[in-house]
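For reference, the structure discussed in these notes is given below.
The values are calculated or read from the model by the stated rules, or taken from the named source; none is laboratory data. Owing to the predicted nature of the structure, the values given are computational and were not obtained by experimental measurement. So basically every Cβ, Gly included, is an ideal-geometry build from the backbone, and we count neighbours across all protein chains shown.
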Amino acid sequence: MRRPTIWFGRLLTDLDTWQGRATSYLLYALNIGFLSLYVIGTYSVSAPYRSQLITIEFGLAVIFLFEYLSRIDYAADSLEEALDLYSIADLLAILPALLIVVVPAVGQLAFFRSVQVLRVLRFIRIGLENKRFFTYELTTRQVTIAELLVLIFVIVNLHAGVIYGLESGSNPNLDTYGEVLYYSVVALTTTGFGNSVPITAAGKAATAVGLIAAVTLIPWLVIRARTTGEPTVSCDRCGAEITTSEANYCWKCGEEL
């Protein structure tokens, strides 16, 4: 009898049947719900409703754990799949929601809960790894651009999650996810209005690290997205590879192309 994880693992990679597509669409919706519950939980919610939110989060985390195990079980190389960065991010993202039922004190660790934001990386894996968004086939360059947009979204939201974990409870101006997301956008784009700032040493350090990551990673990702999929030529003099739309002269030796 086929194991449930094998059956579900096949559906995760099969977009040619309605069952596989329906599974992918359902996972899109559940991921949005999971992230939304985390954001809602950063606001003031009465005890009965908060308990219901935690229960729903736990249920979704169990589903995602089954998805995680199914991918590993169905993969040609289970160890390689388990060590994949996306797989590690998946596991880290659902751990807080799983542990909060077993160890309620986890709910008070805002920094630990903030790693749930990593779940946004699942949007890349659900569709982009198959070069398809729903039923729309994507070119290599479209996939790269989509990855760029998602990764920028991840950087901003991960930074917001970390700042919330470090500042909530200490800083009244950064006490909800909406406030820290606004702060992260302003800080990482170097706009710096100054109306919301971290007050803890850890929050200030996280802002510095996030700013350095943003000003180094995002330009590199933009350049990568711009050149991916474009035809290249080799310089006749030095052999350097150059995209045809990049310049009229070789970047290495100055030879006219």
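Based on this model, can you work out whether D77 counts as free of Cβ contacts under 8 Å to residues at least 24 places away in the same chain, among the acidic types (D, E) and farther than 26 Å from V150 by Cα?
Yes, satisfied.
Checking the structure you have, find out if any residue of region 128-142 is at pLDDT 85 or above and crowded, with 17+ Cβ neighbours inside 10 Å.
no
Restricting to region 42-77, name every residue that is among the acidic types (D, E) and more than 22 Å from the chain's Cα centre (by Cα).
Passing the criteria: D73, D77.
Out of I152, I163, I145, I need the residue that is modelled with pLDDT of 85 or more, surrounded by 16 or more Cβ atoms within 10 Å (Cβ to Cβ) and touching a helix residue (DSSP H, G or I) at 6+ places or on another chain (Cβ under 9 Å). Which one? Quick ask: steps written out before the conclusion?
Details: I152 fails: modelled with pLDDT of 85 or more; I145 fails: modelled with pLDDT of 85 or more.
Within the list I152, I163, I145, the selection yields I163.
Of the residues Y68, Y86, which single one is aromatic (F, W, Y), outside the structural domain of L181 (by TED's automatic domain parsing) and surrounded by fewer than 18 Cβ atoms within 10 Å (Cβ to Cβ)?
The unique qualifying residue is Y86.
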